[in-house]
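This report concerns only the one structure given below.
The values are calculated or read from the model by the stated rules, or taken from the named source; none is laboratory data. Please read all numbers here as calculations on a predicted model, not as lab measurements. Methodologically, a virtual Cβ is constructed for each residue, glycine included, from the backbone with ideal geometry; neighbour enumeration extends over all protein chains shown.
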Amino acid sequence: MSFAPYAAAAWLFVIGLYGVVSSQNLVRTVLNLSVVQSATYLVLLGVGYRHGAKAPIVADIPTNSRLVDPVTQVLVLTDIVIEATVIALLLALVVQAHNRFGSVDPADLRALRH
Amino acid sequence: MTHISSLPVVIPFLVAPLLVAFGTRAPRWLEDTAAMIVASSVLVICLLLAVRAGSRPFAYWMGGWRPEHGVAIGISLSIDPVGAGAAAFAALMVLAALTYSLRYFDAVGGLFHALMLLFGAGMVGFCLTGDLFDLVVFFELMSAVAYALTAYRIEERAPIQGAINFAITNSIGGYAMFVAVAMLYARTGALNMAQIGAALDGHHADPLVIVAMVLLLLGFLTKAAAVPLHFWLADAHAVAPVPVCVLFSGVMVELGIYAVARVYWTMFAQTLAPHVDPLRAILVAIGVVTGLLGALMCVLQRHIKRLLAFSTISHVGIFVCGVGLLSVKALAGVAVFIVGHGLVKAALFMVCGVLLHRFRTVDEYDLHGRGREVPVAGLIFLVGGVLLTAPPPFTQFQGKALLESASKDAGYWWLIVVFAVVSAATGGAVLRVAGRVFLGWGPSEGPDPQQARAAEERVDETRDERDHTPPLMLVVPAVLLALTAILGILPGAVPWAVRSAARFADHSAYAAWVLRGAAVSWPPVAPTHVEALDVIVGVLTVAGAVAVAGLGLFGRGLLARAPRSVRAQGRGAVLVLRGLHSGHIGDYIAWWTTGAGLLGGACLVALR
Amino acid sequence: MSRRVRLALFACAGPGLLAVLLLGLHGLPAFGDFHGVYGLLVDRIEPHVRHATDIVTGLNFDLRAFDTLGEEFILFASVSGVALLLRHLRDEDDEIERSRSLAEHRFAGASDSLRLMSLILIPLLVSLGVYLVLHGALTPGGGFQAGVVLAAGPLAILLAGRYLALKRVAPEWALEAVDSAGAAAYTLIGLGGLIFAGVYLKNFLPLGTSGHLLSAGMMPLNSIAVGLEVTGAFLLTWTEFLDQDVIVAREEL
């Protein structure tokens, strides 16, 4: 039980990567990217968790109560903001790819070959 | 004096929103002026910080949150000479790129200046910070701005694909780093790098620490474009506007190398001390493969921007070897080499921009002989190509000499050969281009009709063909090349670099001056000097580059005389290699995963 | 590489990476029993030293405010990138003309009940958003969360079937202004710390009493700045994407 969140996180990371590799639709590729990112949320939040502790808001509980680690919460908040914005940028790129290439299949994007 | 520490990041953060909000309404000269003033002031402040850190490194605690009982609770800018120097270098390149863009773009919105300033702020913050999570945040800032800048030329199709590949690959690198931060935080309860290092000291490096380091390395090496995490770089360079490529190749990629060194020396140096040799071997292996692959792909290109991009990748191989040697002398060598390389590569890209500006193409064969109309540009390109081979006694050579000495010390004397081959190959490719484009030498038809497909992509950043090149576009690269020549031979420059590298690598003192503000003494440094062998190798490298260029220009008959089986095998290998760089994001991430698995496995096995 | 080769490569590499990750994560301390000294220190500092009862906000806008500054500008840069990418193919001049007929065509199906519900939602969302912003330092919330809620308010106008009204309520120049103002404001507040308290981002305003609205010094201000920026940024992103759907898709009709 105690390793489950971390095992799930590792699985999400790799399965998200698989999604990116195997996807034939750029929208799906970008969404798989957010699957990879959710692995990072799981690890961060799992690290900070304490059994029987409350959320780190002391407005209505005594200030010396047992609280969940607040630092990991802040890290996840930052992580979410970064994800949302980069996904937005990527989706805008995908929209433009559809407009310019006429397709969202990565295999149809052939403007770059070395 | 230390009060100005936050300003190199804050000033661009203040001005960029204004540029975005009023960009469409303000005249171009106002935006240009504002951007130039900001970039200059950031450069000046970073230089001041470098001088101050050179006498005594210091930590600037944001929000006034100083450590309590030796535990860091705020975010620090831990400013030492190498960090401040890297920040100053980044600021210099941003200034150079902005100056060049004054004349390069016909019309550009306020967004370009804002994004460039934010890019600079991200890079400066990345160099100055002493907090691991802050490092990741600024990494992401640098990256997000870079994605937007890559896709800047939205009239073309290719930038979209390039930006997508860039964004997806680098984001995954970023996610790996988040996991690493979580793991290190769980183990040490700290986010400040000095604190983490102090907490890891004295303990055995178990798989958690090793995997955390691997994940951090993956993130930074993705940014640095080490093989097999490198596929995005050529794509991005092919499509990004020239001033942006200047920043990518000149600074951004090198910051990945900086971060690898920073992370190793502040956090892992002591705990991994018993395993220095295997770690060294792994990093050097990555560097060698990157260098050789990059050099080979470089020589095979006919698209000049891609050629320069692969040249950057091959130099990254040298830098990874340098950092991977895990010694003070090698670190100093890499730092000096990076400065020299960045300036030269920037100048070369700027000349490429001149060609683009004038002739609307950067295909080597399409430009055959046309460069004779811009002889000054040709001269700069030629000098740049020679400087790229690290000839004595200039900056890159000084760095290379340090690296060669460090390689010998570590028992890796054969790296000298690798460095020479890489420098000769990439310098030779540039010289070949110079010969073909500016002197009209060599055949005007490509050897392979398949390659002609690459030339189909007409790039057009600045619309019509022109008959006049603004002098500024030639002055800036010339100044950069002059700097490359001068900086390395300034008396005291190399000793300053070695001393700063020693400060950078002084793991035990780092915790002292960051967490306790203690005054720390300079670690002892053995004097270095350039040996005759280094000079000989340097001269031979230049000669080798000339030979490579000559072969590329005039050697087709020679190559045709090789036995048929060799030619067929060579052609087959080249086809496979080029096929791998396919532009398909799935391929890139499959290779990323392979690299990640291999690096992780190697480290776990070798560093027990 | 062909698809088969690609998948085969990943089939070899993926499990390897999974094994590496699992081996590394295995060394984490037991789940649910974290003793990180940083978090424990912060739990004690924020309520007593800074009079903030929401410790996460205290970290976000005070202790680690520099991270939040960087994060804000990641948002700012990405949204600027989205605007850059999606604005290109539209002609600003006759945009309204074309969108008029299209908007009525595409969204005319909103029923009266949907419109009524949207009208009820909008003031609810806006007031919830304002509440969350102002109480950032006291209760769960803060600039980021509140910004998204505030941005959802005008978006409900779209649900009501009035795409054009959305464009009039939230025109692009206003959204960009709000976005930029928020980003610049946060930077300026930090400068206030530098000028009045000697260190950038130092909390220089009176700390007030814990639990009251005007407490925790500059944190409510930071919260407002971030709220402004996130509202502007998200609305800008959503309207840019919607414009693509409504206006650029005209070729399909």
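What the table below lists for this structure:
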read-out: Among (1) in contact (Cβ under 8 Å) with a residue 40 or more places away in the chain; (2) closer than 30 Å to C:Arg44 by Cβ; (3) more than 10 Å from chain C (Cβ to nearest Cβ) - the single one A:Asn25 does not satisfy; value: (2)
read-out: Residue, modelled with the lowest pLDDT, within segment B:449-501, restricted to residues that are of a type in the set (Gly, Ala, Ser) and out of contact with any Phe, Trp or Tyr (no Cβ under 9 Å at 6 or more places or on another chain); value: B:Ala454
read-out: Residue in segment B:575-582 that is more than 11 Å from every other protein chain (Cβ to nearest Cβ) and within 27 Å of B:Gly324 (Cα to Cα) present; value: no
read-out: Some residue of segment C:212-223 being on the phi < 0 side of the Ramachandran plot, within 15 Å of the chain's Cα centre (by Cα) and in a helix (DSSP H, G or I); value: yes
read-out: Some residue of segment A:66-79 being closer than 19 Å to B:Leu132 by Cβ, touching a Ser or Thr at 6+ places or on another chain (Cβ under 7 Å), more than 10 Å from chain C (Cβ to nearest Cβ) and touching a residue at least 24 places away in the same chain (Cβ under 8 Å); value: no
read-out: Residue within segment B:146-167 that is among the β-branched types (Val, Ile, Thr), crowded, with 24+ Cβ neighbours inside 10 Å, within 13 Å of chain C (Cβ to nearest Cβ) and within 26 Å of B:Gly83 (Cβ to Cβ) present; value: no
read-out: So B:Gly120, is it assigned to a helix (DSSP H, G or I) and closer than 17 Å to B:Ala35 by Cβ; value: yes
read-out: Residue match in segment B:40-50 (condition: farther than 30 Å from B:Leu515 by Cβ, without any contact (Cβ under 8 Å) to a residue 40 or more places away in the chain, part of a helix (DSSP H, G or I) and more than 9 Å from chain C (Cβ to nearest Cβ)); value: yes
read-out: Flag if B:Thr469 is touching a residue at least 40 places away in the same chain (Cβ under 8 Å) and within 30 Å of B:Thr271 (Cβ to Cβ); value: no
read-out: Tally of residues being more than 18 Å from C:Gly217 (Cα to Cα) and either outside any helix (DSSP H, G or I) or small (Gly, Ala, Ser) (or both) across segment C:117-161; value: 11
read-out: Flag for B:Val179 being without any contact (Cβ under 8 Å) to a residue 60 or more places away in the chain and within 18 Å of B:Thr593 (Cβ to Cβ); value: yes
read-out: Residue match in segment A:96-103 (condition: more than 7 Å from every other protein chain (Cβ to nearest Cβ), crowded, with 22+ Cβ neighbours inside 10 Å and assigned to a helix (DSSP H, G or I)); value: no
read-out: In segment B:520-579, residue nearest to B:Ser423 (Cα to Cα) [restricted to those that are in contact with a Phe, Trp or Tyr (Cβ under 9 Å, 6 or more places away or on another chain) and assigned to a loop (DSSP other than H, G, I, E, B)]; value: B:Val530
read-out: Residue in segment A:62-77 that is buried (at least 24 other Cβ atoms within 10 Å of the Cβ), under 22 Å from B:Ile589 (Cα atoms), modelled with pLDDT under 95 and of a type in the set (D, E, K, R) present; value: no
read-out: Of the criteria (1) among the hydroxyl-bearing types (Ser, Thr, Tyr); (2) modelled with pLDDT under 85; (3) closer than 22 Å to C:Met218 by Cα, which one C:Tyr131 fails; value: (2)
read-out: Which numbered condition C:Glu46 fails, given (1) more than 19 Å from C:Asn203 (Cβ to Cβ); (2) touching a residue at least 12 places away in the same chain (Cβ under 8 Å); value: (1)
read-out: Long-range neighbours under 7 Å by Cβ, at least six apart or interchain, first residue touching a residue at least 40 places away in the same chain (Cβ under 8 Å) and more than 10 Å from chain C (Cβ to nearest Cβ) within segment B:196-222, second crowded, with 24+ Cβ neighbours inside 10 Å and among the hydroxyl-bearing types (Ser, Thr, Tyr); value: B:Gly197/B:Thr266; B:Gly197/B:Tyr510; B:Thr222/B:Thr169
read-out: When residues of segment A:28-38 are limited to those that are among the aliphatic types (A, V, I, L, M) and either more than 13 Å from the chain's Cα centre (by Cα) or facing another protein chain (nearest Cβ under 7 Å) (or both), the one surrounded by the most Cβ atoms within 10 Å (Cβ to Cβ); value: A:Val36
